[in-house]
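Report on the following structure.
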Amino acid sequence: MPRYIRISFIFLLTVSFLQAQKPTQPTASKIYESLQKLNFLGSVLYIAAHPDDENTRLISYMSNKAKARTGYLSLTRGDGGQNLIGPEIRELLGVIRTQELLAARRVDGGEQLFTRANDFGYSKHPDETLSIWNKDEVLSDVVLAIRKFKPDIIINRFDHRSPGSTHGHHTASAMLSMEAFDIANDNTQFPEQINQTSTWQPKRLFFNTSWWFYGSQEKFEKANKENMLSFDIGVFYPLKGVSNNEIAALASSQHLCQGFGRLSQRGSQKEYIEFLKGIPIENNEDVFSGIDTSWERIKGGKAIGSILYKIENEFNFKDPSKHIPQLLEAYKLLQNIKDEHWKTIKTKELKSIIEMCAGLYLEASANTNWATQNETVDLNIEALNRSNTSIVLESIDLWNGEHITKNLNLQNNTSEKFKQDYYLSTEENYSTPYWLSKKGSLGMYKVENKGLIGLPETPRNVAVNFNLKINNIPITFTKAVIQRYSKPDKGELYRPFEIIPEVSAKIKEKVIIFENDTPKKISVTVKAGRDRIRGTVELCTPSTWHVSPKTQTVDMNLKGEEQTFEFTVTPPKNQDEGYISPLVDINGKAYTKELIEIAYEHIPFQTVLLPSESKVVRLNIKKKGEYIGYIQGAGDVVPESLEHIGYQVETIAPESITSETLRKFDAIVVGIRAYNTVEALKFKQEILFNYVSQGGNMIVQYNTNRGLKVDKLAPFDLKLSRDRVTNEHAKVHFLHPEHPLLNHPNKITQLDFEGWTQERGLYFPDEWDDAFTPILSMNDKNEPSKKGSLLVAKYGNGYYIYTGLSFFREFPEGVSGAYRLFANMLSIGKEDLKLKATLND
């Protein structure tokens with residue numbers, strides 16, 4: 001298929017191309033529900049800022065109860081949050097959260113959209129948010145989403161009238177939605193979009209309010225609700241056998257990297273939306289009041305509706321294939337509709353229903369899940385008709401332009417299987433998230449292909465068109481190429497088919513710390529994307545750094561084979577930093593990207609191509625102590641980071657914590673949110689405190705003030721708050737300049753707080769016992785000073801330190817000052833080395 005034609009299919013086919021999931025096996029009830037949705041011509045767009053902001057209860061209600069086409073526009077992909085299931089942060093976390101959103105939509109029946117806005121981290125005010133995002137570009141994307149989706153109803157998750165009361169991204173999403181509602185129908189606003197869509201005026205805009213926005217249930221009960229609509233979002237669906245809230249709970253539970261797995265709920269429950277602007281509400285029950293959602297909404301639709309409503313009213317649950325002749329009649333009429341928007345949407349839905357009624361199984365499975373450009377892949381093609389309907393597979397078209405005539409009669413329940421070569425040209429794009437292809441800014445992703453803006457993921461360009469005649473009516477079904485395979489311990493599995501470079505290279509460590517000028521060996525791993533790879537690899541370094549050897553020979557025979565090469569890197573004498581990157585030359589073509597694989601069971605396998613580079617830091621750092629025990633929390637790379645500066649780090653299973661197991665450690669470090677996520681720690685606190693009293697150091701990194709597993713966070717009173725400093729450049733004041741944490745063994749200065757990323761810190765304590773000494777103060781603009789970012793208390797012979805500073809973000813970015821300060825925290829009280837001996841007596 002020519003490339004210029006492919007783009008026109010992108011928006012339509014994206015949903016079916018999203019994942020290589022196991023094909024659904026629709027029941028008659030599922031077909032009937034799809035028919036109900038086919039007969040409803042209304043749409044709702046829900047708008048918020050992040051993955052997990054969406055109200056899955058309301059999305060599910062609109063999709064499954066109202067039968068409306070329902071979408072969720074998340075302005076960001078959630079890149080700035082934390083990851084509770086693995087080490088991925090920033091861009092890779094955004095990839096995971098994108099897939100979790102898509103998984104949630106597969107559960108609740110919605111569709112997923114995005115803008116180019118980058119989740120740069122917590123923001124306290126929409127003014128700050130919109131100064132970091134490119135407001136015009138994000139507004140343009142919201143307008144584009146409205147013009148493409150063409151919703152009758154828009155529902156904002158957040159209140160545009162309360163700036164500063166919640167995350168700045170939240171309020172900004174509502175403010176942009178309000179503005180977009182007014183200009184989406186103005187062809188002088190973002191006129192370049194008219195080339196790919198048309199203007200649109202939504203009918204109504206609502207705010208999804210609740211008691212939370214009023215401060216309490218009591219205040220909400222007293223609030224004037226004349227301008228609100230309410231829904232029973234606990235409604236039960238007999239055809240599904242579950243309630244709306246059960247669907248919603250399962251949908252939100254897809255957000256596993258945010259710890260959103262939760263119990264399902266049942267029973268009646270009210271949900272409220274407040275009318276903001278648009279066509280006045282005629283009653284307080286129907287959000288679509290006064291809006292024609294029947295087939296008569298479109299010119300020529302009445303004849304289509306008369307056919308489809310009759311099928312719905314007389315649906316044959318025992319044999320849905322009986323309806324295929326009438327469905328085909330409606331399909332023919334639909335192709336004459338001039339309203340391209342509804343024609344496109346309803347054609348897709350109607351084709352899916354015909355496919356389900358016929359029990360059609362159409363698949364193109366590759367013998368591998370990845371291949372390179374200029375390579376031929378073997379496909380296993382299968383076509384199966386499980387009905388008595390006359391179906392002929394006339395031909396298949398490969399998306400590389402090849403046409404294969406078949407003329408196969410698909411007899412009832414007789415599978416037709418054949419093999420087909422698929423050649424991948426040198427023009428095929430690599431499989432990688434399109435928003436990561438080019439380097440963006442702190443607040444925005446860069447997307448050069450404007451046709452991709454808003455899509456949840458990169459469309460699959462390796463696909464097969466199955467050209468059928470059903471009862472002599474031509475219909476084409478498009479299927480993305482996947483890999484179907486099995487494992488003895490897993491059974492049948494599916495993976496997306498990926499196009500990867502013929503070679504990729506990576507350095508395992510993304511930050512490499514040189515604590516002195518001693519050379520280090522750095523390993524580069526090169527992976528073959530195809531058979532017979534011959535070339536060279538070199539390591540590019542800053543001019544002040546030296547590497548040997550200059551180049552090494554790459555020689556791999558098998559696809560998937562890896563070779564590891566060691567280079568000796570010598571840092572400069574003085575403190576310095578820069579980036580190193582591998583470069584592989586194959587027949588004069590340079591490859592500089594790393595192939596990253598993301599594999600979790602709750603989302604499809606993902607491949608991401610990113611520039612392969614690592615930060616090298618020649619650090620002037622001193623430290624005391626040697627053995628560090630680390631208690632994992634929600635997941636971070638702090639243990640590996642400490643090893644980079646010469647510590648020996650041992651991860652401690654909470655269940656194994658005893659006085660004896662702790663004795664060998666110079667310090668114990670507790671991972672981020674450990675007291676929110678590790679149940680066993682509530683039984684180990686006294687052991688840990690006793691370790692401190694006997695001369696050990698204990699460093700506790702940030703926890704949230706909600707959901708603590710322990711009654712006592714520290715050996716002295718300590719109360720967490722939601723205080724945070726989001727400006728990574730905020731001025732830091734030394735409250736006790738003479739304190740050992742700022743002087744030994746490293747002299748901490750203002751230079752050590754330069755180059756921090758995303759934020760200074762979060763969830764600082766705001767109340768503490770006099771035993772604690774606050775070391776630093778800092779604040780965001782127009783806010784009072786906050787002194788709880790770093791607290792230290794002498795307890796017995798040791799030290800307890802609580803810190804909300806974002807070391808877990810700074811270490812992966814190689815921030816020198818963060819390493820130096822943390823080394824001081826680990827070293828406190830270790831000036832006298834006899835302490836170690838005392839601990840071991």
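The values are calculated or read from the model by the stated rules, or taken from the named source; none is laboratory data. This is a predicted model, so every value here is computed, not measured. Note: ideal-geometry Cβ built from the backbone for every residue, glycine included; neighbour counts use all protein chains shown.
Residues of the stretch 263-274 being in a loop (DSSP other than H, G, I, E, B) and in contact with a Gly (Cβ under 9 Å, 6 or more places away or on another chain), which ones?
Within the stretch 263-274, Gln265, Arg266, Gly267, Ser268, Gln269 meet the criteria.
Which of the numbered conditions does Ile337 fail, given that it passes all the others? Conditions: (1) surrounded by fewer than 20 Cβ atoms within 10 Å (Cβ to Cβ); (2) in contact with a strand residue (DSSP E or B) (Cβ under 9 Å, 6 or more places away or on another chain); (3) not in a helix (DSSP H, G or I).
Among (1) surrounded by fewer than 20 Cβ atoms within 10 Å (Cβ to Cβ); (2) in contact with a strand residue (DSSP E or B) (Cβ under 9 Å, 6 or more places away or on another chain); (3) not in a helix (DSSP H, G or I), Ile337 violates only (2).
Is it the case that some residue within the stretch 441-451 is of a type in the set (Val, Ile, Thr) and out of contact with any Gly (no Cβ under 9 Å at 6 or more places or on another chain)?
No: zero hits.
Pick from Lys299, Lys277: which is part of a loop (DSSP other than H, G, I, E, B), at pLDDT 95 or above and either of a type outside the set (A, V, I, L, M) or not assigned by TED's automatic domain parsing to the domain that holds Thr677 (or both)?
Lys299
With the condition kept exactly as written, say whether any residue in the stretch 138-145 is under 18 Å from Ser441 (Cβ atoms) and among the hydrophobic types (A, V, I, L, M, F, W, C).
yes
So, in the stretch 417-431, of the ones that are surrounded by 15 or more Cβ atoms within 10 Å (Cβ to Cβ) and part of a loop (DSSP other than H, G, I, E, B), which residue ends up farthest from the chain's Cα centre (by Cα)?
My answer is Glu428.
Does Gly110 satisfy being more than 24 Å from Thr293 (Cβ to Cβ) and either out of contact with any Pro (no Cβ under 9 Å at 6 or more places or on another chain) or not assigned by TED's automatic domain parsing to the domain that holds Ile453 (or both)?
Criteria not met by Gly110.
For Gly633, state whether it is of a type in the set (Gly, Ala, Ser), part of a strand (DSSP E or B) and surrounded by 22 or more Cβ atoms within 10 Å (Cβ to Cβ).
Taking the combined requirement at face value, the residue does not satisfy it.
crowded, with 17+ Cβ neighbours inside 10 Å and more than 32 Å from the chain's Cα centre (by Cα), is that true of Leu379?
In short, no.
Given the stretch 760-830, what strands (runs of 3 or more DSSP E) lie entirely inside it while holding 1 or more residues that are buried (at least 21 other Cβ atoms within 10 Å of the Cβ) and of a type in the set (Val, Ile, Thr)?
By residue number, 790-795, 798-803.
So which of Glu643, Glu601, Glu594 is touching a residue at least 60 places away in the same chain (Cβ under 8 Å) and at negative phi?
Glu594
So, in the stretch 690-701, of the ones that are within 18 Å of Thr651 (Cα to Cα) and not β-branched (Val, Ile, Thr), which residue ends up surrounded by the fewest Cβ atoms within 10 Å (Cβ to Cβ)?
Restricting to residues being within 18 Å of Thr651 (Cα to Cα) and not β-branched (Val, Ile, Thr), the top hit is Met698.
Taking the stretch 219-236 on its own, how many of its residues are of a type outside the set (A, V, I, L, M, F, W, C) and in contact with a Ser or Thr (Cβ under 7 Å, 6 or more places away or on another chain)?
Number satisfying all stated conditions: 2.
Kindly evaluate His170 against the criterion of being assigned by TED's automatic domain parsing to the domain that holds Glu137 and assigned to a helix (DSSP H, G or I).
Judged against the criteria, His170 is a match.
In the stretch 432-444, which residues are surrounded by 14 or more Cβ atoms within 10 Å (Cβ to Cβ) and out of contact with any Pro (no Cβ under 9 Å at 6 or more places or on another chain)?
Thr432, Pro433, Trp435, Leu436, Ser437, Gly440, Gly443, Met444, listed by residue number.
Read through the list (1) of a type outside the set (A, V, I, L, M); (2) surrounded by fewer than 13 Cβ atoms within 10 Å (Cβ to Cβ); (3) assigned to a loop (DSSP other than H, G, I, E, B), then give the number of the only condition that Phe315 fails.
(2)
Kindly check whether there is at least one residue in the stretch 693-716 that is part of a helix (DSSP H, G or I), at negative phi and in contact (Cβ under 8 Å) with a residue 24 or more places away in the chain.
Yes, because at least one residue in the stretch 693-716 is part of a helix (DSSP H, G or I), at negative phi and in contact (Cβ under 8 Å) with a residue 24 or more places away in the chain.
Quick one: which residue in Gln575, Gln563, Gln606 is without any contact (Cβ under 8 Å) to a residue 40 or more places away in the chain and surrounded by 13 or more Cβ atoms within 10 Å (Cβ to Cβ)?
Gln563
Which condition number does Asp555 fail, the rest of (1) at pLDDT 95 or above; (2) among the acidic types (Asp, Glu); (3) surrounded by 15 or more Cβ atoms within 10 Å (Cβ to Cβ); (4) more than 28 Å from the chain's Cα centre (by Cα) being met?
(3)
Residues of the stretch 621-630 being surrounded by fewer than 20 Cβ atoms within 10 Å (Cβ to Cβ) and among the hydroxyl-bearing types (Ser, Thr, Tyr), which ones?
Tyr627
Mind checking which residues of the stretch 694-751 are more than 30 Å from Glu660 (Cβ to Cβ) and of a type in the set (A, V, I, L, M, F, W, C)?
Correct list: Leu720, Val725, Ala730, Val732, Phe734, Leu735, Leu742, Ile748, Leu751.
Any residue in the stretch 516-524 that is at pLDDT 95 or above and touching a Leu at 6+ places or on another chain (Cβ under 8 Å)?
yes
For the stretch 285-302, what are the residues that are loosely packed, with under 14 Cβ neighbours inside 10 Å and more than 18 Å from Gln36 (Cβ to Cβ)?
Glu285, Gly290, Lys299, Lys302, listed by residue number.
Just checking, which of Leu558, Leu583 is aliphatic (A, V, I, L, M), touching an Asp or Glu at 6+ places or on another chain (Cβ under 8 Å) and more than 21 Å from Ile512 (Cα to Cα)?
Among Leu558, Leu583, only Leu558 is aliphatic (A, V, I, L, M), touching an Asp or Glu at 6+ places or on another chain (Cβ under 8 Å) and more than 21 Å from Ile512 (Cα to Cα).
Which one of these does Asn245 not meet: (1) surrounded by 14 or more Cβ atoms within 10 Å (Cβ to Cβ); (2) modelled with pLDDT under 95?
The failed condition is (2).
Filter the stretch 186-208 for residues that are surrounded by 18 or more Cβ atoms within 10 Å (Cβ to Cβ) and touching a helix residue (DSSP H, G or I) at 6+ places or on another chain (Cβ under 8 Å); which is nearest to Glu271 (Cα to Cα)?
Among them, the one singled out is Asn208.
Would you please list the contacts, defined by Cβ atoms under 6 Å and residues six or more apart or on different chains, that run from a residue in the stretch 486-500 that is on the phi < 0 side of the Ramachandran plot to a residue that is modelled with pLDDT of 90 or more and among the charged types (D, E, K, R)?
Matching pairs, first to second residue: Ser486/Glu492; Tyr494/Arg484; Ile499/Glu428.
Just to be sure, is Leu93 touching a residue at least 24 places away in the same chain (Cβ under 8 Å), crowded, with 24+ Cβ neighbours inside 10 Å, of a type outside the set (Val, Ile, Thr) and within 16 Å of Asp52 (Cβ to Cβ)?
So Leu93 fits the description; yes.
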